[in-house]
């Protein structure tokens, strides 16, 4: 995954302010070839601003960005040939067909025809969009629009791919196609930076940056981050989840209990020790319990425990 | 400048205009509608002014005078009144713009004193019309007088005297003084100015609003490539529209055309570039489509209709306003068009306005390129 | 949470509900029931018809076909009566950003006809529920996502509706706020409110009592999360983790024992007929390609697996593309 070679993206102390408030503050990170770096955080945490700064669509107030050795802030035009940017609402030209959209971007990047046809055929095929090439972009489903956007972004060979919430609201099948293409890019050494609010997508990243109010609170691999999380999680399936939660929440060693649809997740200090205790307490109260098993924390659990956002929103 | 990128942008723009019913409407219907509206609607001639007559005598002479008024193309007797009150009411109600009162001793005075007074009462709420109507009324009465005098002299067997001085006038260029003939070329200028600005005013803001611009600026395309690529298709469309409007002017409205098509072509092309540049500038400065569209309308419609010399002559305006008109691009094209249509002027005769438009084009070009920011802030 | 007893009141009954826009069928013969105290999740991608269905049930759109009885009234015939008994929270919360917390609550209370002592009581409840007791004069524009979300929920329940419709209420909100929000939903459900919630986040659907999977306007499946997982997956799921998921994916796709394989998190989910039986074959295949794995074990299916199984089959047959 991460190679010891020089990083493709180097960001140092990136800061951007709007009015008085800092949307991004002191961001520093490196991204290597073939790495997928994910930014996770709620709306307003600064994900989109960071993507725009990296894409040279916005100029920072402080800090530097170097991509493939090019100073993005000082020489944005030079950097642009190495970058592909897919903003949150990738604007496709709705009146143009799939093919016409691809042709347009190929022309902008100066891709010669043979290469364009070959890449287009490959990417569209991987997305299941070959039968739709003559259809107007405006008539595609949400998932297909995003896949077309990705195809247009990849019609040239960027070293860096910037994706701002590319699969928001897209159906799971299209999302899989999308990620299949991204995995292929990883193998080709493209560095991918993705902002996402899908926590399961966050799990697919090589490294994650957890953003809170413009600052990167944590940055590491998903596994390392999960290990940071204090406590362990026991999933208890039961039809009487509310009662179960009431009972469990007050027990010793239980840090928290989360209601799910047909289960309760208990966050405990030591799963081995507390499992039996919990079961006993529930039995005593007459609550019927199905399976009880220790599960790995999800990114959501991680987020909640690492980034509790109480106080001034 | 990378030609391939410019071509790609131009091609895309053409496809979009072709496939978007709304922009097609602007391109095709709007000029047609405006030519029709302005061409038929604007009429500066005063004709068939409704008047009412109060004949207090009812003699053969007074009836003759009334007939003289009726026969004139400028007046139309809509009512005859029996008293001052109903006359006043007729004017108040707006049924007539002028009233003619013939005194009860009209023919008697004519016979004995050789002069009689006719009273005209004018509704001067429309000051302009009132003045002109008064002039025409005087003319009608003068002619009537002249005829009476001539009859009298003839009946006495005396020769008709020559009036001391007669202004012999010859109208150059617009012999019938048909206002339509000088209005129609003006209408073409207005239509092109409006349509042209509308065409390009939306092109940039639309892309920002739809989110396509954000991707476009992250590609290698430069600001000038974008501008040329986007304006070029509209030059083509604009020339087609211009040809369309000019054809309507000449063949439908029968405006006399005395100049050369070549001169027309060159000057129209120049004007179009200016107009499209203005629209592009607005679009690059205002990120919302609605805002850009409104500003485009405001900035072109009012100055073009009021300050370009279309309806109101510039040299009758107060000095400071005259200076402002130098900034109105359609003023120069207005001059050019009227000159080509009515005087048959060639390029050599129009050096001044052409030079003005060229300077305008260069300045707008610079402003427009700089107005477009490739970053979001 | 107590699953509602079978005898509890049916608050929503939709029967073959259909909505057409010209040629396009946005909602295609959707039928389901919701009882008091139940939380039903409408799960599906954007454009699947979730919001349209909600708009029909709230009386905002007339159905083209079928019927729906909400809170005892027919949505097509008496939409205004329906609206008196329901609360609705739209996407992006529909709050007035230039008004304060209290002003928003008063406004919505007024709009629903809540007044006098009852209004004061409800205001106190809503403010407390949202946790905004000492910020009632704050402008909504100054609140962050999580607070706005809870406030919007408060506004939606000022008139104590029997049914609550929430359209993508947790989009873009941080996970901690999301959990807090769900606690509020659970407590409302505990008091007997029926909650219909739409989402495109598969993991969020796990919070619901029952899930309605919607794709391309059709109701593809209806049941509790565990029911769906049991019935929809024909086979079992193996999780494989390794250094090179991309290469593993390629190697396994189309292999004999493999019914389906897809990237999932940092690993792969492989659908096989029998985990125990087929596992060695998978391992052998990977070894043959010299691909290292750190973990390979059977897991319980997720709702995404369910969705893909149910809808993927359609796509393979060339039906309406997603």
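Would you call residue C:282 assigned to a strand (DSSP E or B) and more than 10 Å from every other protein chain (Cβ to nearest Cβ)? Talk me through it step by step, then tell me what you get.
Details: assigned to a strand (DSSP E or B): no; more than 10 Å from every other protein chain (Cβ to nearest Cβ): yes.
So residue C:282 fails the test.
Spot the failing condition for residue B:243; the list is (1) touching a helix residue (DSSP H, G or I) at 6+ places or on another chain (Cβ under 6 Å); (2) not in a loop (DSSP other than H, G, I, E, B), and only one is missed.
Only one criterion is unmet by residue B:243, namely (1).
Could you list, in sequence order, the residues of region A:158-189 that are in a loop (DSSP other than H, G, I, E, B) and either under 20 Å from residue A:138 (Cα atoms) or facing another protein chain (nearest Cβ under 9 Å) (or both)? Walk me through how you get there before you give the answer.
Narrowing region A:158-189 to residues in a loop (DSSP other than H, G, I, E, B): A:158-159, A:165-171, A:188-189.
Matches in region A:158-189: A:165, A:166, A:167, A:168, A:169, A:170, A:171.
Check residue A:43 against each of (1) surrounded by 24 or more Cβ atoms within 10 Å (Cβ to Cβ); (2) in contact with a helix residue (DSSP H, G or I) (Cβ under 9 Å, 6 or more places away or on another chain) and name the one condition it does not meet.
(1)
Where the second residue is buried (at least 19 other Cβ atoms within 10 Å of the Cβ) and not in a helix (DSSP H, G or I) and the first is more than 9 Å from chain A (Cβ to nearest Cβ) and at positive phi and lies in region B:1-26, which pairs have Cβ atoms under 9 Å and are six or more apart or on separate chains?
Close Cβ pairs (under 9 Å, with a partner that is buried (at least 19 other Cβ atoms within 10 Å of the Cβ) and not in a helix (DSSP H, G or I)) do not exist here.
What residue, of B:219, B:263, is over 17 Å from residue B:369 (Cβ atoms) and in a helix (DSSP H, G or I)? Walk me through how you get there before you give the answer.
Values: B:219 fails: in a helix (DSSP H, G or I).
When all the criteria are applied, what remains is B:263.
Return the only residue of A:87, A:60 being touching a residue at least 24 places away in the same chain (Cβ under 8 Å), within 11 Å of chain B (Cβ to nearest Cβ) and closer than 30 Å to residue B:7 by Cβ. Break it down into steps so the answer makes sense when it comes.
On the way: A:60 fails: closer than 30 Å to residue B:7 by Cβ.
The match here is A:87.
Say we look at region C:128-158 and pick out the residues that are buried (at least 20 other Cβ atoms within 10 Å of the Cβ) and away from every other protein chain (no Cβ under 14 Å); which of these is farthest from residue C:43 (Cα to Cα)?
C:158
Among the residues of region A:191-199, is there at least one that is assigned to a loop (DSSP other than H, G, I, E, B), touching a helix residue (DSSP H, G or I) at 6+ places or on another chain (Cβ under 9 Å), away from chain C (no Cβ under 12 Å) and closer than 30 Å to residue A:16 by Cα?
Step one: of region A:191-199, the residues assigned to a loop (DSSP other than H, G, I, E, B) are A:197-198.
Still in the running and touching a helix residue (DSSP H, G or I) at 6+ places or on another chain (Cβ under 9 Å): A:197-198.
Going one step further and asking which of them are away from chain C (no Cβ under 12 Å), we end up with none.
The answer is no; no qualifying residue exists.
Does residue A:120 satisfy the criteria of being assigned to a loop (DSSP other than H, G, I, E, B), at pLDDT 90 or above and surrounded by 16 or more Cβ atoms within 10 Å (Cβ to Cβ)?
Details: assigned to a loop (DSSP other than H, G, I, E, B): no; at pLDDT 90 or above: yes; surrounded by 16 or more Cβ atoms within 10 Å (Cβ to Cβ): yes.
Against the criterion (assigned to a loop (DSSP other than H, G, I, E, B), at pLDDT 90 or above and surrounded by 16 or more Cβ atoms within 10 Å (Cβ to Cβ)), residue A:120 does not qualify.
Does at least one position in region B:360-374 carry a residue that is over 30 Å from residue A:54 (Cβ atoms) and under 22 Å from the mean Cα position of the chain (by Cα)?
no
Among the residues of region C:57-64, is any under 29 Å from residue C:304 (Cα atoms), part of a loop (DSSP other than H, G, I, E, B), within 14 Å of another protein chain (Cβ to nearest Cβ) and over 15 Å from the mean Cα position of the chain (by Cα)?
In the first step, residues of region C:57-64 are kept if they are under 29 Å from residue C:304 (Cα atoms); the result is C:57-58.
Imposing the further condition that a residue be part of a loop (DSSP other than H, G, I, E, B) reduces the set to C:58.
Now drop any that are not within 14 Å of another protein chain (Cβ to nearest Cβ), which leaves none.
Within region C:57-64, not a single residue is under 29 Å from residue C:304 (Cα atoms), part of a loop (DSSP other than H, G, I, E, B), within 14 Å of another protein chain (Cβ to nearest Cβ) and over 15 Å from the mean Cα position of the chain (by Cα).
Please find, among A:102, A:155, A:111, the residue that is more than 25 Å from the chain's Cα centre (by Cα), assigned to a loop (DSSP other than H, G, I, E, B) and either within 12 Å of chain B (Cβ to nearest Cβ) or under 26 Å from residue A:188 (Cβ atoms) (or both).
Being more than 25 Å from the chain's Cα centre (by Cα), assigned to a loop (DSSP other than H, G, I, E, B) and either within 12 Å of chain B (Cβ to nearest Cβ) or under 26 Å from residue A:188 (Cβ atoms) (or both) holds for just one of A:102, A:155, A:111, which is A:111.
From the list B:206, B:170, B:152, which residue is modelled with pLDDT under 85, farther than 30 Å from residue B:39 by Cβ and either assigned by TED's automatic domain parsing to the domain that holds residue B:65 or not in a helix (DSSP H, G or I) (or both)? Write out each step before concluding.
Details: B:206 fails: either assigned by TED's automatic domain parsing to the domain that holds residue B:65 or not in a helix (DSSP H, G or I) (or both); B:170 fails: farther than 30 Å from residue B:39 by Cβ.
Checking each option against the conditions leaves just B:152.
Going residue by residue through region B:221-242, is there one that turns out to be crowded, with 22+ Cβ neighbours inside 10 Å and touching a strand residue (DSSP E or B) at 6+ places or on another chain (Cβ under 6 Å)?
no
Can you pull out the residues in region A:221-230 that are surrounded by fewer than 19 Cβ atoms within 10 Å (Cβ to Cβ) and either at the interface with chain C (Cβ under 10 Å from one of its Cβ atoms) or on the phi > 0 side of the Ramachandran plot (or both)?
Residues satisfying the conditions are A:221, A:223.
The values are calculated or read from the model by the stated rules, or taken from the named source; none is laboratory data. As the structure is a prediction and not an experimental result, all values here were calculated from the model. Glycine gets a Cβ as well: all are built from the backbone with ideal geometry, and neighbour counts include every protein chain shown.
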